[in-house]
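Below is one structure; the comments refer to it alone.
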Amino acid sequence: MAQTNKLPSRLHHTAYVTKDQEKTRQFYEDIIGLPLLATWCESDELFGKVRTYVHTFYGIGDGGALAFFQFADPADQAEFGPKMPATPFHHIALAVDADTQAAIEARIAKAGIKPPDTFVLEHGYCRSVYVTDPNGLILEFTRDHPDVEKIGRDRRADAHQSRVEAQLENLERRTRPAAPSR
């Protein structure tokens with residue numbers, strides 16, 4: 001499918017609810033190394049009620065940010081701060097170079113964060129370091145494979161031919177135990 005619409009230029013921010021702004025600040029600033037760019041204390045009429053909250057923003061290299069809300073009213077906190085699902089398939093992936101990835105890994109280790117709260121996957125097309133923040137949000141710091149340009153071209157070329165169902169069926173066939181011989 002040809003792209004005809006202009007794409008968004010970058011992620012401005014993605015926002016989550018935190019249980020503890022200070023623990024969140026320590027994790028993002030001191031361990032991960034993202035600078036705290038702004039702290040806003042706001043009261044807004046939202047969904048029929050005045051809600052008071054603190055909203056913090058931690059910068060990433062392209063000018064975007066990770067943002068966190070904490071509500072003054074525990075009832076608002078409970079309503080808007082559902083627990084993060086305990087699955088590695090809900091996460092934020094941030095692109096990093098080798099030096100940045102190594103530095104983040106070192107700070108994670110120095111902070112005493114251990115599996116399952118941190119782990120590494122070699123995907124083939126990238127190497128990923130995963131770490132869980134104090135709120136249960138999983139971050140992925142991804143370093144592209146040296147051949148990322150070729151890999152990307154190849155995947156774009158067959159993206160529409162390799163339907164998800166066919167790929168899953170093929171994967172299942174390859175991983176299914178062999179039937180016993182008779």
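Quick grid of which residues meet (1) of a type in the set (S, T, N, Q); (2) part of a strand (DSSP E or B); (3) at pLDDT 95 or above; (4) within 21 Å of HIS91 (Cβ to Cβ):
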position: LYS19; (1), (2), (3), (4): no, no, no, yes
position: LYS23; (1), (2), (3), (4): no, no, yes, yes
position: TYR28; (1), (2), (3), (4): no, no, yes, yes
position: LEU37; (1), (2), (3), (4): no, yes, yes, no
position: SER43; (1), (2), (3), (4): yes, yes, no, no
position: ALA67; (1), (2), (3), (4): no, yes, yes, yes
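Restricting attention to region 69-81, the residues that are outside any strand (DSSP E or B) and either in contact (Cβ under 8 Å) with a residue 40 or more places away in the chain or under 12 Å from the mean Cα position of the chain (by Cα) (or both) add up to 3. In the set (1) surrounded by 12 or more Cβ atoms within 10 Å (Cβ to Cβ); (2) touching a strand residue (DSSP E or B) at 6+ places or on another chain (Cβ under 7 Å); (3) not small (Gly, Ala, Ser), the condition left unmet by TRP40 is number (1). Identify all residues within region 124-139 that are touching a helix residue (DSSP H, G or I) at 6+ places or on another chain (Cβ under 9 Å), without any contact (Cβ under 8 Å) to a residue 60 or more places away in the chain and either under 14 Å from ILE113 (Cα atoms) or not assigned by TED's automatic domain parsing to the domain that holds PRO88 (or both); write none if there are none. If the condition is that a residue be touching a helix residue (DSSP H, G or I) at 6+ places or on another chain (Cβ under 9 Å), without any contact (Cβ under 8 Å) to a residue 60 or more places away in the chain and either under 14 Å from ILE113 (Cα atoms) or not assigned by TED's automatic domain parsing to the domain that holds PRO88 (or both), then VAL129 is the only one that fits.
Quick check: is even one residue across region 5-16 exposed (fewer than 12 other Cβ atoms within 10 Å of the Cβ) and more than 27 Å from GLU140 (Cβ to Cβ)? Checking region 5-16: at least one residue is exposed (fewer than 12 other Cβ atoms within 10 Å of the Cβ) and more than 27 Å from GLU140 (Cβ to Cβ). Scanning for something loosely packed, with under 15 Cβ neighbours inside 10 Å, among the charged types (D, E, K, R) and at pLDDT 90 or above, does region 157-175 turn up at least one residue? No.
Could you tell me whether any residue of region 95-113 is in a helix (DSSP H, G or I), touching a residue at least 60 places away in the same chain (Cβ under 8 Å) and farther than 20 Å from PHE141 by Cβ? No. Within region 129-141, can you find the residues that are buried (at least 20 other Cβ atoms within 10 Å of the Cβ) and of a type in the set (S, T, N, Q)? Within region 129-141, no residue meets the criteria.
The values are calculated or read from the model by the stated rules, or taken from the named source; none is laboratory data. Worth saying up front: this structure is predicted, and the values here are computed from it rather than measured. Glycine gets a Cβ as well: all are built from the backbone with ideal geometry, and neighbour counts include every protein chain shown.
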